[in-house]
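These notes are about the structure you will find just below.
The values are calculated or read from the model by the stated rules, or taken from the named source; none is laboratory data. Since we're looking at a predicted model, the values are computed, not measured. Heads up, the Cβs are rebuilt from the backbone with ideal geometry, glycines too, and the neighbour counts pull from every protein chain shown. To get the accessible areas, we keep the full protein, side chains included, count just its heavy atoms, and leave off ligands, DNA and RNA. Shrake-Rupley method; radii C 1.70, N 1.55, O 1.52, S 1.80 Å.
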Amino acid sequence: MGVTILQQFPIENRTGPATIELLTKRISALGAVQQGHFLVDCETYSSVANLGPPRTVHVLHNSEQPASCFSILDTGTKTIPLAADGLFDLLMLKMNYFYQAKKQTKAESKGPRFEIGDFCVKLGTVTVSQNFKGILVEVEYRPCVVPGMCWELIREFMQGVLGSSVQSNPPPYLATRMQENYTPIDTIHQYLEHFTMFRKSPGMRT
Amino acid sequence: MTDLEQLQTALHSLKVLRSNVGIAFESVSNGLRADHGEDGKENKFILELQELLSTVNNNLRDVEGAVSNLSIPPGPFALGNTIYLSQEVTQERQSLYVQLVNSYKWTDKIRDYSALAGNILASNSVNKTYKTFSTTKRRKTQTSTHNVPPEVIENLITGIDRLFPDVTITASRPFVPNPVIQASLSRVLKAVIAFKGLMIEWVVVKAHSESNDLWTESRYKVFKKVTENCHAAMCHFHSPTMPELAVKSFMHWFHSYNTLFSNPCKRCGNYLYSNLPPTWRDLRTLEPYHEECK
Ligand SMILES: [Zn+2]
């Protein structure tokens, strides 16, 4: 598990599949080899009125950690992350009376997964309740666990693949945690940040 | 024909030298034997060794003498009249030409290689033997490098541990002559280092998440490269006469990998080359370079 940077890739006036194809071509030309597919999904639950102040629970899965289920509890004042095993999904079903799934908000990012050197690149097509919303590109540098050490290196790699759309600063979630050891829940936080923005945008987010 | 005779003499004296060196080593490795008896067996053994070594010394002198008598071949060999063998018509002699060409190629290659080897050996003296026999003043007994008391090694390891604050050393088998230690370099990487006495014998570099096993290499390309480079540096810093300094110099060099992911290459200014960070550190300046840029 190394440091992962997640960023949106502008589709401009292309379709989603055409954008994925473009990026696949670019990265294959650099020597990347496809190693299967990946999927990150997110379901959001809100607390019922008689449970007191409103709280939100986001439940996410990442195919990279297939035996885990991640959840982030948002109380409005703070967020509490939790990594549990797959049974947590069943627990959420049991808590149906207190936490109900928000309608039409199931978000997903899925697509091909590539390996190139020590990097792992995932090209994700994002849908919110089956509607195409945009493209998310995930780049993981696996040998390093401290974001502050390898951010510049990852940025250089991303610029090689994604060109000028790469931000000059780390994602806001990571920016405050640059010297901490990176863990899978940090990837989940980054996905949630993007999913939340995708849900807010009415059409495609380009 | 005297040329050939001299060559034969040189080859013969070389053979004698090798054989006597073999005998000397055999005697050293066997140690005391039964036929040394009981009384003063150590002295007898030492005398025997001295005799063997002086024979070796004499043989070496013979070889050097014989070699200096040899004349350097002026240039590539010409085939002379033998080239007409290609026009041979008799069936059973036709194969001679092929053999001739093969041995010609062979001698030609030997010429090339020995010329190269001669140049390299002339500029890099391979004389690693500690030569202070002549000056009686510095007749200090040289500390053995591979057979030292465990405390000495333990001291060396604690010394290194104190030297670099961001290198944490855990010794899995302390207080034994050949310890294996794990050196963690801040949060960048860890190295498993095997000692043979005061000498570093083996190094494997891995990610912190990987096992401490000395025999499996890292699954990451970057650490495989760094492992290779550590082996090169290990040989470079190796010094049988100053083993402690060798280990310290190596650790000093190794310490410069704390910027493995965060420093760009000194030559090209980039972080990545073929998807790898600068995995080489200059042995003197410790500056980071890509393997292709050094
Ligand atoms: Zn370079």
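General observations
- Any hit, segment B:258-265, residues being touching a helix residue (DSSP H, G or I) at 6+ places or on another chain (Cβ under 6 Å), farther than 13 Å from residue B:203 by Cα and within 14 Å of chain A (Cβ to nearest Cβ): yes
- Yes/no for residue B:287 being open to solvent by 50 Å² or more (accessible area, probe 1.4 Å), within 16 Å of the ligand (Cβ to nearest atom) and more than 14 Å from every other protein chain (Cβ to nearest Cβ): yes
- Selection from segment A:40-74 of residues that are outside any strand (DSSP E or B) and closer than 26 Å to residue A:4 by Cα: A:63, A:64, A:65, A:66, A:67
- All positions within segment B:63-113 that are without any contact (Cβ under 8 Å) to a residue 12 or more places away in the chain and hydrophobic (A, V, I, L, M, F, W, C): B:72, B:78, B:83, B:89, B:96, B:98, B:101, B:106, B:110
- Restricting B:105, B:15 to those that are surrounded by 12 or more Cβ atoms within 10 Å (Cβ to Cβ) and either basic (Lys, Arg) or assigned to a helix (DSSP H, G or I) (or both) reduces the list to B:15.
- Among residues of segment A:85-114, those that are of a type outside the set (Lys, Arg) and within 18 Å of the chain's Cα centre (by Cα), counted: 7
- Those residues of segment B:256-275 which are hydrophobic (A, V, I, L, M, F, W, C) and away from the ligand (no atom under 13 Å from the Cβ), in sequence order: B:260, B:261
- All positions within segment B:68-86 that are of a type in the set (A, V, I, L, M) and in a loop (DSSP other than H, G, I, E, B): B:70, B:72, B:78, B:79
- Set B:217, B:201, B:210: member being away from the ligand (no atom under 16 Å from the Cβ) and part of a strand (DSSP E or B): B:201
- Scanning segment B:271-284 for residues that are closer than 28 Å to residue A:32 by Cβ, open to solvent by 50 Å² or more (accessible area, probe 1.4 Å) and in a loop (DSSP other than H, G, I, E, B) turns up just one, B:274.
- Residue match in segment A:146-167 (condition: among the β-branched types (Val, Ile, Thr) and not in a helix (DSSP H, G or I)): yes
- Boolean, residue B:248 is in contact (Cβ under 8 Å) with a residue 24 or more places away in the chain, in contact with an Asp or Glu (Cβ under 7 Å, 6 or more places away or on another chain) and farther than 17 Å from residue B:188 by Cα: no
- Number of the exception - residue A:137 against (1) over 26 Å from residue B:189 (Cα atoms); (2) within 14 Å of another protein chain (Cβ to nearest Cβ); (3) surrounded by 22 or more Cβ atoms within 10 Å (Cβ to Cβ): (2)
- Matching option when the condition is in contact (Cβ under 8 Å) with a residue 60 or more places away in the chain and either farther than 18 Å from residue A:64 by Cβ or within 14 Å of chain B (Cβ to nearest Cβ) (or both), among A:199, A:113: A:199
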